[in-house]
Amino acid sequence: MNSFQNTFILFDSAIGSLPEFPSLLWIDGKQNLDFIKLFKFLKKELTLPNYSQPNLDSLDEILNDPDWIEERMGLRIMIKNYPNLLFKEMPTRKKSFITILNSMASSFGYETVWIEDCAEIREDLIELGFSFKPQENKTPY
C-alpha cells in the first residue's frame, strides 16, 4: 500500500514561471463548466478507455486504476480558472472531482495536481481536509 500523502500545489499565474513537465494536462475551468464537457475533455486528453462512462464513479475507477496510473507516470495536471470549473454543477460535484484527483495523486506517489491559487480552492481543500502549499521556485521532481 502506498503511504504517500498528496499535497496540492497552488500556483500563482501572475508569476508566469511554471516548471516544465514531461507530461502535462491543462484543465481550464472556463472551458469545463459542466461535468459532461469535463469528462469528454479528460476522455480525449487522457485517452480514457472506451468503456468509461460520464459519471464520477467511472472517472474515479479509471483514474485510480493501478494499470492506468503506471502507464502515465510523470503526468501533471494543471487547473486554471478554478472558480469556473464545473460552475454549472452542484458544488459537491466539484469537490468530488477534487477528491478523485487527490486519490489519484496519492497513488502516483508525487505531487500531481497543481491548481491556480484562489480563495475558493483554499476553502475547498481545507473543507475536504487535503493539504496544499504554494508553488516553490524550484522544479519539484
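Note on segment 75-102: among residues that are basic (Lys, Arg) and not in a helix (DSSP H, G or I), the one that is surrounded by the fewest Cβ atoms within 10 Å (Cβ to Cβ) is Lys88.
Using the structure shown, decide if Asn55 is in contact with a helix residue (DSSP H, G or I) (Cβ under 7 Å, 6 or more places away or on another chain) and at pLDDT 95 or above. Step through it out loud before you land on a result.
Details: in contact with a helix residue (DSSP H, G or I) (Cβ under 7 Å, 6 or more places away or on another chain): no; at pLDDT 95 or above: yes.
Criteria not met by Asn55.
Which condition number in (1) part of a helix (DSSP H, G or I); (2) out of contact with any Asp or Glu (no Cβ under 8 Å at 6 or more places or on another chain); (3) surrounded by 15 or more Cβ atoms within 10 Å (Cβ to Cβ) is the one that Ala105 fails? Result: Ala105 passes all but (2). Does at least one position in segment 2-20 carry a residue that is modelled with pLDDT of 85 or more, touching a strand residue (DSSP E or B) at 6+ places or on another chain (Cβ under 9 Å), of a type in the set (Ser, Thr, Tyr) and not in a loop (DSSP other than H, G, I, E, B)? Yes, that holds for at least one residue. Name the single residue that is nearest to Trp68 (Cα to Cα) among those in segment 37-52 being surrounded by fewer than 13 Cβ atoms within 10 Å (Cβ to Cβ) and not hydroxyl-bearing (Ser, Thr, Tyr). It comes out as Pro49. Flag: Trp114 matches the condition of being touching a Lys or Arg at 6+ places or on another chain (Cβ under 7 Å) and either outside any loop (DSSP other than H, G, I, E, B) or under 26 Å from Asp12 (Cβ atoms) (or both). Does Phe21 satisfy being surrounded by 14 or more Cβ atoms within 10 Å (Cβ to Cβ), farther than 19 Å from Ser96 by Cα, more than 12 Å from the chain's Cα centre (by Cα) and of a type in the set (Phe, Trp, Tyr)? So Phe21 passes the test.
The values are calculated or read from the model by the stated rules, or taken from the named source; none is laboratory data. All figures in this text were calculated on a predicted structure; none of them were measured in a lab. Positions of Cβ are generated from backbone atoms using ideal geometry, with glycine treated the same way; all protein chains shown enter the neighbour counts.
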